[in-house]
Amino acid sequence: MFAGTVVLPDRIVDDGYVLVGDGLVQAVGSGPIPAGEKHGGAGFFVLPGAIDAQVHSRSQKGQEDFIWSTRSAAAGGVTTIVDMPYDDGSLIATAERFRSKITEAGAQARVDFALYATVDPQDGAARVAELIDAGAAAFKFSTFGTHPTRFPRIPPQTLYACFRLIGPRGLVAGIHNENDEMVRAFTAEVEARGITDYRAHGMSRPPVTEALANAEVFELGAGAGCPVHIVHSSIARGYELAAAYRAQGHAATIEACIHYLTLDEESDVRRLGGKAKINPPLRSRREVEAIWHHLAAGNVTVVSTDHVSWSEDRKTDPNMFRNASGVPGLEVLYALLMKGLSERSLPLTHAARLLAHNPAALFRITHVKGALAVSRDADIVLMRHDPRPYRASDSGNNFVSWSPYDGIELPFRSVATFLRGTCVAADGRVIAAPGEGRFVKPSMAAH
């Protein structure tokens, strides 16, 4: 039994409790606490375990893998990760590779996991059905070609063909949203001017490159009858576009990575250089606050990390163009969002909705995940107010010792994380062994 301030997507239950049995939530209530073993109490927040909608566990061969990504997750209150299909050396674009990844991740994972699938441009839409049958929670496509084989661009005609198969099966198409031609043109222009310092990355990918890609894929989804999800919007315009398409009756959702709610170009990219290089780029502080306004208005569907643990040598080149894109963040996702909500006097219900309820719905796993509700998995995180500065190297739960969030004071910390009722992390120490996590398959729509 868990006691404290219970945080639900639509309300706060003071003096609340969550009763657990057989790995499932049995009851949620308030008032006198039922007899039995108790976790938490006065001063504790009882929240649903987070579902991180965007994790890259295998972007760099020989680096993090699921052993470490799920360790960071457990330490920070993330009980399910949704892993991306761009594994170094193995694009997850066939059912055979997908099933192999389930087996390999299952032997390593300390928390539960769902998996994105993608397509090889040469195959087009030919393997979409077999990947759905294999258990894909969603599909990921990129409108920008980061790498021709590991992270390829999918042209609009192929996107449309894939969307027409994904939509009727009830899954969502997630999009990396940058217009390829415009980014390449702006990059060439910046390089020709000899600009390679911290400013170069943002200049090579101005907001219009992102907004244009958003509009294109939302139109393709509308035409194909497929739910389309923007996996990271660094600009307020993205949330406006998604809201407009929803108002017109289309299934258009959008994701705010925690770095777009926390870091900005003027201070953080200037200070950190390559360690703050992300695609799409970090924007101005004004843009950060505009995204918070959209979050408060309900225009943000989910919040994620886009977690990737590049080795430090791939993030420290003085030439911004030579650095890899992406940052780690699993250990502090919950704490950073709680910090932002608290500083803006926004209700903590946003955390339960954006980190659990909505991601579960997005990936069609509400039959087991996403809520402190009867018969759902008892995935629970206990947090309390305990201000302290963050330092990624201190906990021992991260594969890399650097973080763009180093030095930020976090007012809340995860005291304990429970997966299906079992404690997997307590006071910063991860208890779960590799292999305790399970693969989560979506509840399938009609064939």
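Rounded to the nearest 20, the Cβ-based charge dipole of region 115-183 about its Cα centre (Lys and Arg +1, Asp and Glu -1) stands at 140 debye. Sorting 243-252, 413-422, 269-278 by their mean Cβ neighbour count within 10 Å, with the most densely packed peptide first, gives 413-422, 269-278, 243-252.
3J(HN,Hα) couplings calculated from phi for region 233-250 with the Karplus curve 6.51 cos²θ - 1.76 cosθ + 1.60 (θ = phi - 60°) are, in sequence order, 10, 8, 10, 4, 4, x, 6, 5, 5, 4, 4, 5, 5, 5, 4, 8, x, 9 Hz; Gly and Pro show x.
Charge tally around E96: other residues with Cβ under 11 Å, Lys/Arg +1 each, Asp/Glu -1 each, net +3. Pairs of Cα atoms nearer than 8 Å and 6+ residues apart set the relative contact order; for the chain it is 22 percent. Whole Å is fine, so just give me how far the alpha carbon centre of region 181-202 lies from that of region 256-327. Distance between centres, Cα-based: 18 Å. Nearest 10 degrees is fine. How inclined is helix 156-166 to the longest principal axis of the chain, computing both from alpha carbons? Helix 156-166 and the main axis of the chain meet at about 30 degrees.
Tell me the angle of helix 180-192 to the major Cα principal axis of the chain, expressed in degrees between 0 and 90 and rounded to the nearest ten. With rounding to tens, the tilt is 70 degrees. Taking 15 Å as the cut-off, the amide N atoms of region 111-140 that come nearer than this to a point 7 Å along the Cα-to-beta-carbon line of M444 belong to 128-138.
The GNM of the chain, with springs linking C-alpha atoms under 10 angstrom apart, assigns the highest mean-square fluctuation among K315, K38, K140 to K38. Let me test this: with uniform point scatterers at the alpha carbons of region 49-204, what is the Debye-based log₁₀ I(q)/I(0) at q = 0.09, 0.12 1/Å? Taken in order of the listed q values, log10 I(q)/I(0) reads -0.34, -0.58. In region 158-292, one over the average inverse separation of all distinct C-alpha pairs is 15.6 Å, which is the Kirkwood hydrodynamic radius.
Taking the C-alpha atoms only, the angle from helix 285-297 to the longest principal axis of the chain is near 50 degrees.
When each of the peptides 97-103, 378-384 is scored by the mean number of other C-beta atoms lying within 10 Å of its residues, the order from highest to lowest reads 378-384, 97-103.
Under 5 Å between amide hydrogens, built in the peptide plane, is the criterion, and for N299 it picks out nothing among residues at least 5 positions away or on other chains.
Computed from the alpha carbon positions, the gyration tensor of the chain leads to an equivalent ellipsoid with semi-axes of 32, 25, 21 Å, biggest first. Separation of the alpha carbons by more than 19 angstrom is noted, of K101/K140; K140/K441; K140/K275; K38/K339; K277/K339; K101/K277, for K140/K275; K38/K339; K277/K339; K101/K277. Only one residue of V400, L355, A378 has its Cα farthest out toward the positive end of the dipole of region 306-447, where Lys and Arg carry +1 and Asp and Glu -1 on Cβ, and that residue is A378.
Peptides 295-301, 44-50 ranked from most to least packed by the mean count of surrounding Cβ atoms within 10 Å: 44-50, 295-301. Note on exposure: T94, T149 ranked by accessible area (1.4 Å probe, complete protein assembly) read T149, T94, with the most exposed listed first. Computed from the C-beta positions of A27 and F321, the FRET efficiency with R₀ = 51 Å rounds to 0.40.
A simple spin-label model places the labels of D427 and D406 2.7 nm from each other, with each point 7 Å out along Cα-to-Cβ. Within the accessible area of the chain, the carbon and sulfur atoms contribute 49%, probe 1.4 Å, all protein chains present.
Using only the C-alpha atoms, the convex hull of region 35-113 corresponds to 116 Å³ per residue. To the nearest µm²/s, what D does Stokes-Einstein give for region 156-202 at 10 °C and 1.306 mPa s, using the Kirkwood radius over alpha carbon pairs as Rh? For the chosen part, D equals 119 µm²/s. Net charge dipole, region 1-94: roughly 80 debye, given to the nearest 20, about the Cα centre with Cβ charges of +1 for Lys and Arg and -1 for Asp and Glu.
The values are calculated or read from the model by the stated rules, or taken from the named source; none is laboratory data. Since this is a predicted model, take the numbers as computed values, not measurements. Note that each Cβ is placed from the backbone with ideal geometry, even for glycine, and that neighbours are counted across all protein chains shown. Protein only, heavy atoms only, side chains kept; ligands, DNA and RNA dropped before computing areas. Shrake-Rupley method; radii C 1.70, N 1.55, O 1.52, S 1.80 Å.
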